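The next block holds one structure in the form of structure tokens; read it before the comments.
The values are calculated or read from the model by the stated rules, or taken from the named source; none is laboratory data. None of these values were measured; they are calculated from a predicted model. Cβ: placed from backbone, ideal geometry, glycine included. Neighbour counts: every protein chain shown. The accessibility values were calculated without ligands, DNA or RNA, using every heavy atom of the protein model including side chains. Shrake-Rupley method; radii C 1.70, N 1.55, O 1.52, S 1.80 Å.
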Amino acid sequence: MTAAALAEFALADSMTGAADRAESHRQEAAALVDSLSDEELAGHIEAAAWLAGVELYLDRYVEGEAHANRALAVARATGQGDLLLLLTATLGGLLRQRGKLPEAAELLDGGIEAARLLGNTHALVWNLLSRSACALRSGDVELALATAQESVALSRHAASSFHSAEAAADLAAALLETGQPERAVELLLESAGGDELELIAGSPRARYLEVLARSWLGLGRHAEAKRAAAAARAWAAAVALPMALAWADRATAAVELETGDPAAAAATALASAAAADKAGAPVEAALSRTLAGLALARAGERERAAAELQRSARDFETCGALRYRDQAERELRKLGIRIHRRTRRGTDDSSGLESLTERELQLARLVADRKTNPEIAAELFLSQKTVESHLRNIFHKLGVASRVEVARAVERGEHTGSAAGH
């Protein structure tokens, strides 16, 4: 119980910028949780659940993943379903930050389905908003928008403004990616605590301030964008967290590039990438390197630009962030760099099936068997909404627009596998 209270203190500290105290409380909570046997932890599993959640907000992704996985195992063994669903949302966020996007997506899809079946709105909100953030980084903007919109709709009736602020911020990020910066600004200012987004805790506040800065840039409002970037940097200085600094620097670099200082933008974006590397967040580091590449190209430093863009494209591909990989490769082509993408040994790149998760491949095969959505839902014990979500992912990953094309990809892939076996 002391560990749970310390973890909650650490979260409160992170919202008020008391960085040293937040880390001190986190370390003390972690020492207590780590000293417990699984049997002891089962009696107060909320201690590990709170701790893992706080570690997500304090950029302690490796420790958070370990605590979340342990708590999940104990929750499953002892039948503590409600906490299991909240842990799923937390672990999904930790996996996303560590660049394990397919693993995070599959975990969160399961969490969303379970929360729906159990009627647990609180857990559904958290799993949906975590899924939205994961989908955005994976490049599935349509899914990011849909899950964030549902999360916002559900959180409107929640007692906690913390829920609604996070949901609105994720929706704003998705809206920006779909070319709706004005609506993104409105949501952030109305639902996340004003110009400084005071309702967002920990390093993520800087992330959403970066979204706010880029939204203002999209509207041509440079003065407001500069203020949002300055707020992000002030928050990063207060919380002293590497990802807060990474997001703040990326916001500043975007402003510098847009206002005509590509050399400064490149240096700031590379500093952002270094901070994200320190936090162990490869997708975030690659996003900053892409921005650095754009700035270097604009500054006339073609070779350095190409090096940063090539590295970011490789890292995006490794993590499954294929939309961002494609963006980096488009910039490379503008520089006259030819793209040579390797396929994995023992696989054929013609079908794209290797990019699917185990559950997505299962659905794709049922589509190839001419099963309807209701039939697939019944066979796999899923809701039709979850089936539709999986199908959106499958269409996106395979680059197709119809069920017929999915069936052809499955048949082509299985034919190739059969031929390889002979």
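Scanning segment 177-199 for residues that are crowded, with 23+ Cβ neighbours inside 10 Å and within 16 Å of the chain's Cα centre (by Cα) yields no hits at all.
So, of the residues in segment 295-326 that are of a type in the set (G, A, S) and either assigned to a helix (DSSP H, G or I) or touching a Phe, Trp or Tyr at 6+ places or on another chain (Cβ under 7 Å) (or both), which turns out to be nearest to G260 (Cα to Cα)? If you could, list the steps in order and put the result at the bottom.
First, pick out the residues of segment 295-326 that are of a type in the set (G, A, S): 295, 297, 299-300, 305-307, 312-313, 320-321.
Next cut, either assigned to a helix (DSSP H, G or I) or touching a Phe, Trp or Tyr at 6+ places or on another chain (Cβ under 7 Å) (or both) only: 295, 297, 305-307, 312-313.
Details: A295: 10, A297: 13, A305: 17, A306: 20, A307: 22, S312: 23, A313: 25 Å.
Within segment 295-326, the match that is nearest to G260 (Cα to Cα) is A295.
Within segment 275-286, restricting attention to residues that are in contact (Cβ under 8 Å) with a residue 24 or more places away in the chain, part of a helix (DSSP H, G or I) and open to solvent by 30 Å² or more (accessible area, probe 1.4 Å), the residue that is nearest to L309 (Cα to Cα) is P282.
Looking across segment 13-24, the residues that are surrounded by 15 or more Cβ atoms within 10 Å (Cβ to Cβ) and either assigned to a helix (DSSP H, G or I) or in contact (Cβ under 8 Å) with a residue 40 or more places away in the chain (or both) come down to D13, S14, M15, G17, A19, R21, A22, E23, S24.
Can you pull out the residues in segment 287-309 that are open to solvent by 10 Å² or more (accessible area, probe 1.4 Å), under 18 Å from W247 (Cβ atoms) and among the hydrophobic types (A, V, I, L, M, F, W, C)? Correct list: L287, L291, L294.
Evaluated against (1) modelled with pLDDT of 95 or more; (2) closer than 19 Å to C134 by Cα, R183 falls short on exactly one condition, (2).
Can you find even one residue in segment 145-152 that is surrounded by 20 or more Cβ atoms within 10 Å (Cβ to Cβ) and acidic (D, E)? First the steps, then the outcome.
Narrowing segment 145-152 to residues surrounded by 20 or more Cβ atoms within 10 Å (Cβ to Cβ): 145-148, 150-152.
If we keep only those that are acidic (D, E) as well, we get 150.
Within segment 145-152, one or more residues are surrounded by 20 or more Cβ atoms within 10 Å (Cβ to Cβ) and acidic (D, E).
For beta carbons closer than 7 Å, sequence separation of 6+ or different chains, a first residue in segment 224-237 that is open to solvent by 80 Å² or more (accessible area, probe 1.4 Å) and a second that is at pLDDT 95 or above and of a type in the set (G, A, S), the qualifying pairs are R233/A248. Count of segment 81-92 residues, restricted to those that are of a type in the set (G, A, S), more than 23 Å from H25 (Cβ to Cβ) and either within 20 Å of the chain's Cα centre (by Cα) or crowded, with 18+ Cβ neighbours inside 10 Å (or both), is 1. Would you call A47 within 23 Å of A279 (Cα to Cα) and of a type in the set (A, V, I, L, M, F, W, C)? So A47 fails the test.
Just to be sure, is S418 crowded, with 18+ Cβ neighbours inside 10 Å, modelled with pLDDT under 80 and either of a type outside the set (D, E, K, R) or under 24 Å from E103 (Cβ atoms) (or both)? Against the criterion (crowded, with 18+ Cβ neighbours inside 10 Å, modelled with pLDDT under 80 and either of a type outside the set (D, E, K, R) or under 24 Å from E103 (Cβ atoms) (or both)), S418 does not qualify. Is there a residue being on the phi < 0 side of the Ramachandran plot, out of contact with any helix residue (DSSP H, G or I) (no Cβ under 9 Å at 6 or more places or on another chain) and open to solvent by 10 Å² or more (accessible area, probe 1.4 Å) anywhere in segment 107-122? Yes - at least one qualifying residue is present in segment 107-122.
Could you check segment 25-80 and list, in sequence order, the residues that are over 21 Å from the mean Cα position of the chain (by Cα) and open to solvent by less than 30 Å² (accessible area, probe 1.4 Å)? Correct list: R26, A29, A30, V33, L41, A42, I45, A47, A48, A71, V74, A75.
Residues checked against (1) at pLDDT 80 or above; (2) surrounded by 18 or more Cβ atoms within 10 Å (Cβ to Cβ); (3) not in a helix (DSSP H, G or I):
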residue	(1), (2), (3)
R341	no, no, yes
R345	no, no, yes
S351	no, yes, yes
Q362	yes, no, no
E375	yes, no, no
S389	yes, yes, no
R392	yes, no, no
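Just so you know, in segment 218-263 the residues that are in a loop (DSSP other than H, G, I, E, B) and among the charged types (D, E, K, R) include one that is farthest from P204 (Cα to Cα), and it is D261.
Scanning segment 262-274 for residues that are under 21 Å from the mean Cα position of the chain (by Cα) and open to solvent by less than 30 Å² (accessible area, probe 1.4 Å) turns up A269, S272, A273.
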